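This report concerns only the one structure given below.
The values are calculated or read from the model by the stated rules, or taken from the named source; none is laboratory data. The structure presented is a predicted model; accordingly, all values stated were derived computationally and were not measured. Backbone-built Cβ (ideal geometry, glycine too); neighbour counts: all protein chains shown.
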């Protein structure tokens, strides 16, 4: 389905995750963040880049992985993306919701 | 003479020994299986042990009984795998060389991963039921427990048999009802997932059952620590859940051997091709069962289906042919729902559990994603099937290695 994010028509799934990463840029990320009342800072972007890098290397994402990322610790991760940090941050990053749950 | 070495004589390793001994020419291949433990546990039985449904003797046997004749069985600890040198080092520095290696070292609980979990209250007010010791200690506790807040908790995914904690909650409901003390017990199900299960349709069905049985749910709970002094678990978002009795599924990790050998991911699971079951890093190393990092359930049924695929691919590999037997992630799990009923789910990498009939389309006798007695009988019968058919590599009638879509109500 299509959704208007940052004044552009973007392809997303029912949960609002981008289905085509090539449509992503920081403006889109910012737009999605605002829906969760998050104002993006440099630290937020650093985490987003880490997640995108992991995704492109096809490495699974998990809260545990965050602990070892060297970018951020889990407490900070929760502070930056309150609620479900992994779910919210991957949505902002334009990548699929992690399937760490099998 | 060439050497095929299997590490681990649990469900997957034992099945592979039984499969391959029938297929590999004896004058060309020697099969060796190595495991440090004498006892083979029927792990699905650990769910029933705490509720006095199974006895200790029903869940364990001497492992050697299930290793076929013609297979060299070594009961020793494995110190190291050196995949670059094609060798395995055992305790006392004994070296075993291999041409082909199958890693089936499974997964186990790691309660040390969470602060306060394996502390002074471990197996006193905090229990696991994923180990024989844990399940037995919990049984003894439940026999005399007078009630209070029971919290059934999952630490992090993936875990072996992801439905087991739900089954535990359901069986606990029945158990306390039968003891006439359900009104004294408050049951809460706490999970890091956003629902009762990992797949949408099954989550819906299982959520209904939780509601029906008066079990409350706390979702999206990522535990940070156990405060065993004040009887509560605390998550990273600072949500707290109080307990009197905590039954947790700790972090599940691959064997420490995998970490020592530098072959695993963050959780010591081995990166494995999800279709061929060949390890991603070494072409003469194959991985099966819970030891893999495959995106499917860690369960005995999965190991059973994988074993059929792996047998084919090992034979192809030996002949130098392409590994074209392809595993689809097939899992088949009975879910005990209490009161002598169960539901059944059958799914794979792409198809989530749906309603339908199983194993024979349109007939059953078992029903998918619906509670009934026949499914429960199936689950109990499975213990016999496990010891007498599954471990011996005997195919289960009507159930193929790759999932069948027949009899399933699949929406277009």
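Looking only at segment B:302-319, decide whether some residue is in contact with a strand residue (DSSP E or B) (Cβ under 6 Å, 6 or more places away or on another chain), surrounded by 17 or more Cβ atoms within 10 Å (Cβ to Cβ), in contact (Cβ under 8 Å) with a residue 12 or more places away in the chain and farther than 24 Å from residue B:2 by Cα. Checked segment B:302-319: at least one residue is in contact with a strand residue (DSSP E or B) (Cβ under 6 Å, 6 or more places away or on another chain), surrounded by 17 or more Cβ atoms within 10 Å (Cβ to Cβ), in contact (Cβ under 8 Å) with a residue 12 or more places away in the chain and farther than 24 Å from residue B:2 by Cα.
Just wondering, is there one or more residues in segment A:83-96 that are surrounded by fewer than 13 Cβ atoms within 10 Å (Cβ to Cβ) and either more than 28 Å from residue B:218 (Cα to Cα) or within 14 Å of chain B (Cβ to nearest Cβ) (or both)?
From segment A:83-96, those surrounded by fewer than 13 Cβ atoms within 10 Å (Cβ to Cβ) are A:83; that's our starting set.
Retained after the next criterion (residues that are either more than 28 Å from residue B:218 (Cα to Cα) or within 14 Å of chain B (Cβ to nearest Cβ) (or both)): A:83.
Taking every residue of segment A:83-96 in turn, at least one turns out to be surrounded by fewer than 13 Cβ atoms within 10 Å (Cβ to Cβ) and either more than 28 Å from residue B:218 (Cα to Cα) or within 14 Å of chain B (Cβ to nearest Cβ) (or both).
Checking the structure you have, find out if any residue of segment B:253-260 is within 14 Å of chain A (Cβ to nearest Cβ), assigned to a loop (DSSP other than H, G, I, E, B), touching a strand residue (DSSP E or B) at 6+ places or on another chain (Cβ under 7 Å) and on the phi < 0 side of the Ramachandran plot.
Step one: list which residues in segment B:253-260 are within 14 Å of chain A (Cβ to nearest Cβ), which gives B:253-254, B:259.
When the remaining residues are screened for being assigned to a loop (DSSP other than H, G, I, E, B), the result is none.
No, there is no match, as no residue in segment B:253-260 is within 14 Å of chain A (Cβ to nearest Cβ), assigned to a loop (DSSP other than H, G, I, E, B), touching a strand residue (DSSP E or B) at 6+ places or on another chain (Cβ under 7 Å) and on the phi < 0 side of the Ramachandran plot.
Within segment B:176-202, being more than 11 Å from chain A (Cβ to nearest Cβ) and surrounded by 19 or more Cβ atoms within 10 Å (Cβ to Cβ) holds for B:176, B:185, B:187, B:189, B:190, B:196, B:202. The single condition among (1) modelled with pLDDT under 95; (2) away from chain B (no Cβ under 14 Å); (3) under 22 Å from residue B:239 (Cβ atoms) that residue A:1 does not meet is (3).
So if I check each of A:65, A:70, A:31, A:16, which one is in a helix (DSSP H, G or I) and either within 14 Å of chain B (Cβ to nearest Cβ) or closer than 27 Å to residue B:200 by Cα (or both)?
On the way: A:70 fails: in a helix (DSSP H, G or I); A:31 fails: either within 14 Å of chain B (Cβ to nearest Cβ) or closer than 27 Å to residue B:200 by Cα (or both); A:16 fails: in a helix (DSSP H, G or I).
On inspection, the qualifying residue turns out to be A:65.
Selection of segment B:274-300 for residues being surrounded by fewer than 22 Cβ atoms within 10 Å (Cβ to Cβ), within 14 Å of chain A (Cβ to nearest Cβ) and touching a residue at least 24 places away in the same chain (Cβ under 8 Å) yields B:274, B:293, B:295, B:296.
In segment B:358-391, what residues are surrounded by 14 or more Cβ atoms within 10 Å (Cβ to Cβ) and part of a loop (DSSP other than H, G, I, E, B)? If the condition is that a residue be surrounded by 14 or more Cβ atoms within 10 Å (Cβ to Cβ) and part of a loop (DSSP other than H, G, I, E, B), then B:361, B:369, B:370, B:371, B:391 are the ones that fit.
Evaluating residue B:192 against the criteria (1) over 29 Å from residue B:39 (Cβ atoms); (2) free of Cβ contacts under 8 Å to residues at least 24 places away in the same chain leaves one unmet condition, (2).
Of the numbered criteria (1) within 14 Å of another protein chain (Cβ to nearest Cβ); (2) touching a residue at least 40 places away in the same chain (Cβ under 8 Å); (3) more than 22 Å from residue B:402 (Cβ to Cβ); (4) touching a helix residue (DSSP H, G or I) at 6+ places or on another chain (Cβ under 8 Å), the one residue B:225 fails is (4).
If you filter segment B:392-411 down to residues that are buried (at least 18 other Cβ atoms within 10 Å of the Cβ) and within 30 Å of residue B:69 (Cα to Cα), you find that the one that is modelled with the highest pLDDT is B:401. Does segment A:45-57 include one or more residues that are within 14 Å of chain B (Cβ to nearest Cβ) and under 15 Å from the mean Cα position of the chain (by Cα)? Yes. Among the residues of segment B:226-248, not a single one is closer than 19 Å to residue B:195 by Cα, in a loop (DSSP other than H, G, I, E, B), modelled with pLDDT of 95 or more and not assigned by TED's automatic domain parsing to the domain that holds residue B:285.
Of these, A:38, A:74, which one is at pLDDT 95 or above and under 23 Å from residue B:239 (Cα atoms)? Steps first, please.
On the way: A:74 fails: at pLDDT 95 or above.
Only one candidate passes the filter, namely A:38.
Only one of these is assigned by TED's automatic domain parsing to the domain that holds residue B:278 and either out of contact with any helix residue (DSSP H, G or I) (no Cβ under 9 Å at 6 or more places or on another chain) or at pLDDT 95 or above (or both): B:307, B:361. Name it. Break it down into steps so the answer makes sense when it comes.
Working: B:361 fails: assigned by TED's automatic domain parsing to the domain that holds residue B:278.
Matching residue, one of B:307, B:361: B:307.
Restricting attention to segment B:229-252, the residues that are away from every other protein chain (no Cβ under 14 Å) and surrounded by fewer than 20 Cβ atoms within 10 Å (Cβ to Cβ) total 8. Only residues that are surrounded by fewer than 18 Cβ atoms within 10 Å (Cβ to Cβ) and over 22 Å from the mean Cα position of the chain (by Cα) were counted across segment B:341-357, and they come to 1.
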